[in-house]
Amino acid sequence: MSVDNLAPRVPHATEAAQAGPEHVESPTAYDAILLAGFGGPEGQDDVIPFLRNVTRGRGIPDERLEEVAHHYRHFGGVSPINDQNRELKAALEGELLRRGINLPVIWGNRNWDPYLSDALREANDRGFTRLIAIATSAYSSFSSCRQYREDFARSLEETGLAGTIMIDKVRPFFDHPGFVEPFIERVREGMRELKDRLPDLVVEREVRILFTTHSIPTADAERSGPRDRDYGAGGAYAAQHLSVSEVVAHAAGEGAAWDLVYQSRSGPPTQPWLEPDINDAITALPARGIRAVLIVPIGFVSDHMEVLWDLDTEAMETCRENGLTAVRVLTPGSHDTYVRGLVDLVLERRDGVPAAERPALTDLGPWFDVCRPGCCENVRAGFKPAAAGIAP
């Protein structure tokens, strides 16, 4: 019996990925790209139903959901995320056309219309059986990777398309140049803006760069990434963010000191989440002689609600209260370099590019094509069936 026959198999995967190699180095023919988004409400009546979807299975009453709903209601009940994904889909289609690559892009969301199940039905109607998925999240954790993979598996079962449609997923792309280089460019732009606003600013002493990402429960963070590797406190999730932040700061920070901070926590006060919170970090800066803050949403791919509310509203207000000049840089969005990078990630899998030839800007990468056993467990819910990784 061959080694491949003895290896754990990957549910719902194409042939080259089924045995679970860390990197798939055999060419794989795909029919289409599945662009997997988070989803967001597109009107006031959508807000609570959307938040019920996001928190399904947790038994959170509508009264508590309304505490979060006011973020969306402030913007007319409309999250920008769906329009951002429509724009990204169009940009991907344009880049594929420019390169002469015949891969249609089908878009589906985890939490709002169009749902992943709708996307899979569309794929089936169009005769597509081999999909390569791009999740709109760059890092390793339950919510940013495994939950997408679980939703792929759940949607295949719900639609009755398990066994008909296969789904692979591009590697987490936190350190791919296509994701990182737009941040380097925009940090440089942000530093120029700070110096224009404060001409006497001494960057090395008076500027702090705050790289920020979504906080997650500490227990989930510790379980992010493969279970047989030690990534230190905060697991792979924190290690990936720290490594990318260092690359960006070194390339564009002009010697300014920097910190990785967290935002958007939603758990009970008794549950430990990753810290420090960005607002607490900002409040401590004036006592250290800091006059200006550059806020870099390094954990996000687009300017969605966690950026518009938690950063542009709350964090900016905290900066004003503390007398700090602040600039928030843009996320990659549909930046040309980002879009080209996503297409490159698809071509890695299509062409079976050897791991040694894949670009990665940190020592952690290139990350795995096929998630490892036990990767990114949800402490609260445990393991559920997931595509694009070795069970559990």
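For beta carbons closer than 6 Å, sequence separation of 6+ or different chains, a first residue in region 146-170 that is touching a residue at least 40 places away in the same chain (Cβ under 8 Å) and a second that is among the hydroxyl-bearing types (S, T, Y), the qualifying pairs are S155/S117; E158/S117; T159/S117; I165/T129; M166/T14; D168/T14.
Yes or no: A16 assigned to a helix (DSSP H, G or I), in the same structural domain as C145 (by TED's automatic domain parsing), touching a Gly at 6+ places or on another chain (Cβ under 9 Å) and in contact (Cβ under 8 Å) with a residue 12 or more places away in the chain? Considered against the rule, which asks whether it is assigned to a helix (DSSP H, G or I), in the same structural domain as C145 (by TED's automatic domain parsing), touching a Gly at 6+ places or on another chain (Cβ under 9 Å) and in contact (Cβ under 8 Å) with a residue 12 or more places away in the chain, A16 comes out as yes. Note on region 177-214: residues that are in a helix (DSSP H, G or I) and not acidic (D, E) amount to 18.
Among the residues of region 275-295, which ones are of a type outside the set (D, E, K, R) and free of Cβ contacts under 8 Å to residues at least 60 places away in the same chain?
Within region 275-295, the first condition is being of a type outside the set (D, E, K, R), and the residues that meet it are 276, 278-279, 281-287, 289-290, 292-295.
Of everything in region 275-295, those that are of a type outside the set (D, E, K, R) and free of Cβ contacts under 8 Å to residues at least 60 places away in the same chain turn out to be P276, N279, T283, A284, P286, A287.
Look at region 364-375: where a residue is under 16 Å from V247 (Cα atoms) and a partner is assigned to a loop (DSSP other than H, G, I, E, B), sitting 6+ places away or on another chain with Cβ atoms under 6 Å, you get G365/D175; P366/R358; P366/A360.
Quickly run through region 343-392 and pick out the residues that are within 16 Å of K169 (Cα to Cα) and of a type in the set (F, W, Y). Of everything in region 343-392, those that are within 16 Å of K169 (Cα to Cα) and of a type in the set (F, W, Y) turn out to be W367, F368. Restricting attention to region 253-281, the residues being of a type in the set (V, I, T) and either within 22 Å of the chain's Cα centre (by Cα) or crowded, with 21+ Cβ neighbours inside 10 Å (or both) number 2.
State whether one or more residues within region 256-278 are part of a helix (DSSP H, G or I) and under 16 Å from G299 (Cβ atoms). Spell out the reasoning first.
Restricting attention to region 256-278, the residues satisfying the condition of being part of a helix (DSSP H, G or I) are 278.
Narrowing the set further to residues that are under 16 Å from G299 (Cβ atoms) leaves 278.
Yes, the conditions are met somewhere in region 256-278.
In region 87-119, of all residues being in contact (Cβ under 8 Å) with a residue 12 or more places away in the chain and polar (S, T, N, Q), the one that is nearest to A29 (Cα to Cα) corresponds to S117. In a residue-by-residue description of region 244-265, the property of being outside the structural domain of V54 (by TED's automatic domain parsing), out of contact with any Pro (no Cβ under 7 Å at 6 or more places or on another chain) and more than 26 Å from P177 (Cα to Cα) applies to at least one position. Could we say that N53 is surrounded by 18 or more Cβ atoms within 10 Å (Cβ to Cβ) and outside any loop (DSSP other than H, G, I, E, B) here? The answer is no for N53.
Among the helices (runs of 4 or more DSSP H) confined to region 293-392, the ones with at least 3 residues that are in the same structural domain as E93 (by TED's automatic domain parsing) are located at 336-351.
Residues that are more than 17 Å from A32 (Cβ to Cβ) and out of contact with any strand residue (DSSP E or B) (no Cβ under 7 Å at 6 or more places or on another chain) within region 147-166 comprise Q147, E150, D151, A153, R154, E157, E158, G160, A162, G163, listed in sequence order. Within region 50-86, the set of residues being free of Cβ contacts under 8 Å to residues at least 60 places away in the same chain and on the phi > 0 side of the Ramachandran plot comprises G59, G76, G77.
The values are calculated or read from the model by the stated rules, or taken from the named source; none is laboratory data. Worth saying up front: this structure is predicted, and the values here are computed from it rather than measured. Ideal geometry is used to build each Cβ from the backbone, glycine not excepted, and the neighbour counts take in all protein chains shown.
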